[in-house]
Amino acid sequence: MPKILIVYYSHTGNTEKMAKAIARGARTVQGVEVELKRHGSAWGLDSYDSILIGAPTYHRNMTNSIKKFLEEVAFHNVGLKGKVGAAFGSYGWSGEAPRRVLEVMEKRFEMKVVKPPLLIEYTPDEKGLEECHKLGANVAEQISRTTDARA
Ligand SMILES: Cc1cc2nc3c(=O)[nH]c(=O)nc-3n(C[C@H](O)[C@H](O)[C@H](O)COP(=O)(O)O)c2cc1C
């Protein structure tokens, strides 16, 4: 069964709301397993077909927990090449974090990334949550099609 991991950090809950809406969207696609985690670990990461990373912007950057996670994945040489990757996050005025995360996913991990990253200003409203839902459903459909084609 195709598997999606949504891993995120959120200090005041805004990126968490996005992550949960993405998970709800992904779960609308039958036959796809969706896991939502607040802390990422390199361990077992290669068993997922798609990884979505939620990173709020603090001080024009991603937070240390997300940095540490990406560095751990690189350090352990986890094979993510060709897997579907996406980045999202809440921001206030500049929103660098999801862009930087997506850059690492594309350039360093050679993932097939969804562009552009999904950014939402502060707390997601109904429209924002709908965008998150759509992103989850799109990624789930994408990996479910690829897995079908391989079977
Ligand atoms: C100390 C601090 C620094 C911040 N720095 C930035 C920043 O550099 N750029 C930006 O776009 N938003 C910045 N923000 C706004 C946060 O990205 C925004 O509050 C976001 O909703 C936090 O997401 P979270 O609830 O998932 O933690 C900052 C917020 C705080 C409290």
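Quick look at the values:
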read-out	value
Neighbours by Cβ (under 7 Å, 6+ apart or cross-chain): first from the range 75-99, under 16 Å from residue 14 (Cβ atoms) and without any contact (Cβ under 8 Å) to a residue 60 or more places away in the chain; second more than 10 Å from the ligand (Cβ to nearest atom) and in a loop (DSSP other than H, G, I, E, B)	87/117; 97/62; 98/117
Criterion violated by residue 1 - all others in (1) among the hydrophobic types (A, V, I, L, M, F, W, C); (2) assigned to a loop (DSSP other than H, G, I, E, B); (3) open to solvent by 20 Å² or more (accessible area, probe 1.4 Å); (4) at pLDDT 95 or above satisfied	(4)
Elements of type strands (runs of 3 or more DSSP E) in the range 23-122, at least 3 residues being within 16 Å of the ligand (Cβ to nearest atom)	50-54, 84-91, 118-121
Qualifying residue in the range 138-146 (condition: over 19 Å from residue 46 (Cα atoms) and of a type in the set (Gly, Ala, Ser))	no
The range 54-98, subset of a type in the set (D, E, K, R) and more than 24 Å from residue 142 (Cβ to Cβ), residue farthest from the chain's Cα centre (by Cα)	60
Residue tally, condition within 23 Å of residue 56 (Cβ to Cβ) and open to solvent by 40 Å² or more (accessible area, probe 1.4 Å), over the range 130-148	5
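The values are calculated or read from the model by the stated rules, or taken from the named source; none is laboratory data. All figures in this text were calculated on a predicted structure; none of them were measured in a lab. Here Cβ is always computed from backbone atoms with ideal geometry, including for glycine, and neighbour counts include all displayed protein chains. SASA here: full protein model, heavy atoms, side chains in, ligands and nucleic acids out. Shrake-Rupley method; radii C 1.70, N 1.55, O 1.52, S 1.80 Å.
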